[in-house]
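Accompanying notes for the structure given below.
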Amino acid sequence: MAKLELQNLTKAYSRDIVPVKKLNLAVEDNEFLTLVGPSGCGKSTILRLIAGLDQPTEGRVMIGDRDVSPLPPGDRNIAMVFQSYALYPHMTVRDNVASGLKMRHLPAGDIQKRVQEVSGVLGLDPLLDRKPAKLSGGQRQRVALARALVRNPDVFLLDEPLSNLDALLREQVRADLKQIFEDQKSPIVYVTHDQTEAMTLSTKVAVLSEGHLQQLGHPHDIYKTPANRFVASFIGSPQMNLFPLSRSGNDVALGDFRLPLPGGVQAASVILGIRPEHLRLPQEGDAHIVSGNVFLVENLGMHDLVSLKVQGDPSLTLRALISADASWSKENLKLALPPESIHWFDGETEQRLK
Amino acid sequence: MLTTLQNAYQYALENSDRVFTALQQHLLLVAVPLAIGLVVGLPLGWWSARSRLVSTVMLNTFNALRVIPSLAVLFLAVPFLGLSFWSAVLALTLLVMPPILISTDVAFRNISPAIREAATGMGMPPGDILKTVELPLALPVVIAGIKTATVEVIASATLAAFVGAGGLGAFIVLGFAVYDPAILLVGALPVALLALLAEVGLSAVQRAAQPPGVRQPL
Ligand SMILES: Nc1ncnc2c1ncn2[C@@H]1O[C@H](COP(=O)(O)OP(=O)(O)O)[C@@H](O)[C@H]1O
Ligand SMILES: [Mg+2]
């Protein structure tokens, strides 16, 4: 078991394409790190650098206390699960799973035993003699997983392993994944563009954008205190309401409504953020209330997602999650903004204001 | 027609030792170019699948050579190698090269890079990847190329008679010369039979190499 560390990792394909920029990250044993970010932000490239499928332009990959950057993939003891699964089409499930062990020159009996163990855990026993072409998407996914698990690697790398599954299956396999990897000691690096996967699976989330690490932290912290506007808008569903506002004195104006800035804020312009789930129908004693006309109601089952135009500035759209049981009027709906749920960001730097 | 066949049979019986020698020569004219083609073409095809430059140079060269008729190559070789077995071998080798080379190139090129990468990422050494992943996946298409080459060379080896290299073509040349279709058949029938045998046999090998459920183009 070993810690994985990325030091100053940089990858440039050309002068303009630099998908990974001076990345520093550490993943300890028993940690499940998820790299999350929009498509093209360099997630797969990071995994390929860790696996040794690509060479970094700068920086190092450390496993344990060993610098593995100059080593070929075979000497890194890594297991990888790919988005396309990339199973060997000419081999049976059994041979696909065993392939991860063959190069270790273990006795055949040991290999079979290990394959049996893993296939038991993943429920592959009835499929062992089939070829991948005869498997469903979900089954192929499990074979790819088994091929990685069987190796007992120092580091697990998973590149969007659920994105080829349909929505229903994805949810189920996500839960399975969580259970399976809870028993694994080795550090796990999981790549996804889906923030739900990131939030549910990980002990640590790294939010990436354009090759830069935006924030690293526990999923809860990232949700609760996003470090900047990008993280605020990327994490959380439905998306956080974000309003760039200019200050007047110690207040900002949101349409017709004035909200006080927190003490000590110097910035000339700010961005106010509030999550739809934190807006609520006003109660006794709520200080900050805005209102507006509702123009869209989306029924999400337990909640209604309500969109309204803020009174005084119809260009501002506020979205709120309101319990489906609550009663409210579409005309001039009043909503409270609990001060502890408001996020403030600098209008220039887009960084969180404290 | 029937009498021609009977005459041919008669002629073959009377000249059985000559027919047998010609068959041996013919098989040699097939085997030697094919062997050279495999030893050179398979590695070159594998190489050209990995390198754009090699592939461009190689495929263009052989496609250009393909335009020259075998008969022309045969006669072009004569000034250098004389009226001999080796002139024929040279011409026939140039003939078998393109199908072997191109099919090997295509076979390896069509292996999904994701599969190769999965193997690499899982720590498989390059030699093992070639042996356990790439070769089995490439094999059916490579065999298809070898089949094409074999059938072509069996048919074209008849031309070797024109440069005095013998083979079953000698009977065809003779048959034309003396206007005897029976003698012509003694050469032509075994050639057709050999070609058919190669086609059927290698098709079976190709099917055996094709793992069930794996579709390869071609
Ligand atoms: N081999 C390559 N050559 C040039 N550019 C590449 C290569 N691989 C990836 N890129 C570019 O690097 C960027 C990041 O890609 P990738 O890491 O695959 O993103 P993600 O996995 O986050 O969607 C993309 O803009 C992509 O086009
Ligand atoms: Mg990717």
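The values are calculated or read from the model by the stated rules, or taken from the named source; none is laboratory data. This one's a predicted model, so the numbers in the text were calculated from it and none came from an experiment. Glycine also receives a Cβ, built like all others from the backbone with ideal geometry; neighbour counts cover every protein chain displayed. The area values use the complete protein model at the heavy-atom level, side chains included, leaving out ligands, DNA and RNA. Shrake-Rupley method; radii C 1.70, N 1.55, O 1.52, S 1.80 Å.
Numbers below:
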{"read-out": "Region B:1-22-region A:102-141 distance, computed between alpha-carbon centres (Å)", "value": "61 Å"}
{"read-out": "Calculated P(r) tail over 29 Å for the protein assembly as shown, as whole % of Cα pairs", "value": "68 percent"}
{"read-out": "Furthest towards positive pole of dipole, A:P126, A:P161, A:I222, structure part region A:4-234, Cβ charges", "value": "A:P126"}
{"read-out": "Rounded to the nearest 20 debye, dipole of the protein assembly as shown from Cβ charges on Lys, Arg, Asp, Glu", "value": "760 debye"}
{"read-out": "Among beta bridges that DSSP assigns inside chain A, antiparallel share in %, nearest 5", "value": "75 percent"}
{"read-out": "Residue-averaged beta-carbon neighbours from other chains (10 angstrom radius) around B:111-120", "value": "6"}
{"read-out": "Efficiency of FRET from Cβ geometry, A:E348 and A:Q179, R₀ 35 Å, rounded to 0.05", "value": "0.20"}
{"read-out": "For chain A, built as a Gaussian network whose Cα springs stay under 10 Å, the top-fluctuating residue of A:L169, A:L149, A:L279", "value": "A:L169"}
{"read-out": "Those aspartates and glutamates that a straight Cα-Cα span of less than 15 Å connects to A:K330, excepting residues fewer than 8 apart in one chain", "value": "A:E298, A:D304"}
{"read-out": "Prolate/oblate/rounded label for chain B (Cα gyration tensor, a/c 1.5)", "value": "prolate"}
{"read-out": "Protein accessible area in region A:241-346, 1.4 Å probe - carbon and sulfur %", "value": "49 percent"}
{"read-out": "Residue (of B:A209, B:I172, B:W46) at the positive-pole extreme of chain B, dipole from beta-carbon charges", "value": "B:W46"}
{"read-out": "Top positive-direction residue, dipole computed over region A:1-126 with Cβ charges, set A:P19, A:G52, A:L71", "value": "A:P19"}
{"read-out": "14 Å beta-carbon shell around B:L101, net charge (K/R +1, D/E -1)", "value": "+1"}
{"read-out": "Projected label distance in nm at A:L242 and A:E171, using a 7 Å step from Cα toward the beta-carbon", "value": "2.8 nm"}
{"read-out": "Entries in A:K309/A:K354; A:K178/A:K204; A:K102/B:K131 that, when Cα-Cα distance is taken, lie over 18 Å", "value": "A:K309/A:K354"}
{"read-out": "Inter-label distance, nm, simple model (7 Å from Cα along the C-beta direction), B:Y9/B:K131", "value": "5.3 nm"}
{"read-out": "Cα centroid separation - region B:60-106 against region A:278-339, whole Å", "value": "81 Å"}
{"read-out": "Folded to 0 to 90 degrees: helix A:167-182 orientation relative to chain A principal axis, Cα", "value": "70 degrees"}
{"read-out": "Chain A, relative contact order in percent, only Cα pairs under 8 angstrom and at least six apart counted", "value": "16 percent"}
{"read-out": "GNM flexibility winner over chain A from A:R229, A:R94, A:R66 (Cα, springs under 10 Å)", "value": "A:R66"}
{"read-out": "Tensor-based shape of region A:58-127 (alpha-carbon gyration tensor, a/c under 1.5 rounded, otherwise prolate or oblate)", "value": "prolate"}
{"read-out": "Prolate/oblate/rounded label for region A:59-209 (Cα gyration tensor, a/c 1.5)", "value": "oblate"}
{"read-out": "1.4 Å probe accessible area per residue over chain A, in Å²", "value": "45 Å²"}
{"read-out": "Total accessible surface hidden between B and A, rounded to 100 Å², 1.4 Å probe", "value": "1700 Å²"}
{"read-out": "Protection proxy ranking, peptides A:316-327, B:35-46, average beta carbon neighbours within 10 Å, highest first", "value": "B:35-46, A:316-327"}
{"read-out": "Ranked packing of B:194-201, B:96-103, most packed first, by mean Cβ within 10 Å", "value": "B:96-103, B:194-201"}
{"read-out": "Nearest-ten-degree value, helix B:135-156 long axis tilted from longest Cα axis of chain B", "value": "20 degrees"}
{"read-out": "Extent along principal axes [Cα atoms of region A:241-346; Å; largest to smallest]", "value": "42, 25, 22"}
{"read-out": "Per-residue ³J(HN,Hα) for region B:14-25, Karplus 6.51 cos²θ - 1.76 cosθ + 1.60, θ = phi - 60°, Hz, x for Gly and Pro", "value": "5, 10, 4, 5, 5, 4, 5, 4, 4, 4, 4, 4"}
{"read-out": "Principal-axis tilt of helix A:93-102 within chain A, Cα atoms, nearest 10 degrees", "value": "80 degrees"}
{"read-out": "For peptides B:49-57, A:284-292, A:119-127, sequence by mean Cβ density within 10 Å, most packed first", "value": "A:119-127, A:284-292, B:49-57"}
